[in-house]
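To start, the structure itself, in structure tokens.
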Amino acid sequence: MRFSGKTALITGSTSGIGLGIAEAFGAAGANLVINGFGDAAEIERLRDDLARRHGVNVIYDGADMSRPEQILAMVARAVDAFGAVDILVNNAGIQHVAPVDDFPVAKWDAIIAINLSSNFHAIRAALPAMKKRGWGRIINVASAHALVASPFKSAYVAAKHGVAGLTKTVALEVAESGITVNAICPGYVLTPLVQKQIPDTAKARGISEEEVVKNVLLAAQPTKKFVTVEQVAAFATFLASDAAASITGAVLPIEGGWTAH
Ligand code: NAD
């Protein structure tokens, strides 16, 4: 699979799944627009490293995905630089865990903005140039929580179910334009964020870190294995390939059998 001459914009790509997806598209020859928070010098090192190793152009844009005007400006900058965002990967996301009657309103608003509304704003901004080129791929990184719920994650589950609905709707609207729109639904992926939670959870529950992995994180996942960043990234590049041109409007699990229960 080669994406030479194409441009992939991946939101939230300074860490975890987004970084893995950026790496995979860069390795396949796509120019990249990376985005996300972090230390400025570390992000510049990352940008430079991706560009050098893969021989592609890489722009970093620090747009805050909770701010519509910053999302519009980021997409406009990408279109100015490369002519279009050919492959849009809506990946940035945050989580907060609390009972619904205790759920901080500001956290609800932030999760809906970053995990759901940002997808709408980026899609809306990127579509005109995709339509002009008659080719495009929109890949929304949703979650197994776009398909099933877990307690204490009301905002996250609502946002991810919303992403599933948005995916299907936009797919229908652009089905004849050479543009596909799909959602990827990972189960637990051992990103730095998840990794950091393991010692804290072990302490809070008075169990070992191994027990946290087995009895808390992987309890829902029949394979009893984490999904890897590389597996999610390979799935994303496949969905962007010509072989996947007939896959659209799909909400696709990659979760070790979680939603087969
Ligand atoms: P992560 O914390 O490692 O990465 C999140 C990225 O989003 C980072 O680059 C961060 O800087 C960026 N980000 C956060 N808020 C932002 C904002 N306001 N504006 C711009 N960027 C912002 O997390 P991850 O595990 O790689 O998660 C990536 C996506 O995958 C999320 O949408 C998440 O819901 C989804 N997901 C993760 C898992 C998992 O187990 N890790 C499972 C299913 C779905």
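The values are calculated or read from the model by the stated rules, or taken from the named source; none is laboratory data. All values derive from a computational prediction rather than experimental measurement. Every residue, glycine as well, gets a Cβ built from its backbone with ideal geometry; the counts of neighbours run over all protein chains shown. For the accessible areas, the whole protein counts, side chains as well, though only heavy atoms, and no ligand, DNA or RNA atoms are used. Shrake-Rupley method; radii C 1.70, N 1.55, O 1.52, S 1.80 Å.
Solvent-accessible area assigned to carbon and sulfur over segment 33-127 amounts to 55 percent, based on a 1.4 Å probe. Can you tally the net charge around TRP135? Count Lys and Arg as +1, Asp and Glu as -1, for every other residue whose Cβ sits under 11 Å from the Cβ of TRP135. Taking every other residue near TRP135 into account, the sum is +3. Check the straight Cα-Cα distances from LYS153 and name the lysines below 25 Å, setting aside those fewer than 8 residues away within the same chain. Within the straight-line cut-off, LYS153 pairs with LYS107, LYS168, LYS196, LYS203, LYS214, LYS224, LYS225.
Based on the mean of other beta carbon atoms within 10 Å per residue, what is the order of 32-43, 14-25, 93-104, most packed first?
Averaged packing, sorted descending, gives the order 14-25, 32-43, 93-104.
Solvent-accessible area per residue in the chain equals 46 Å², computed with a 1.4 angstrom probe and all protein chains kept. Multiplying the residue separation of ALA243 and ALA149 by 0.36 nm and subtracting their alpha-carbon distance yields 30.7 nm. Sequence-ordered 3J(HN,Hα) estimates for segment 33-43 from the Karplus curve with 6.51, -1.76 and 1.60 and θ = phi - 60° stand at 10, 9, 8, x, 8, x, 5, 4, 5, 5, 5 Hz, glycine and proline given as x.
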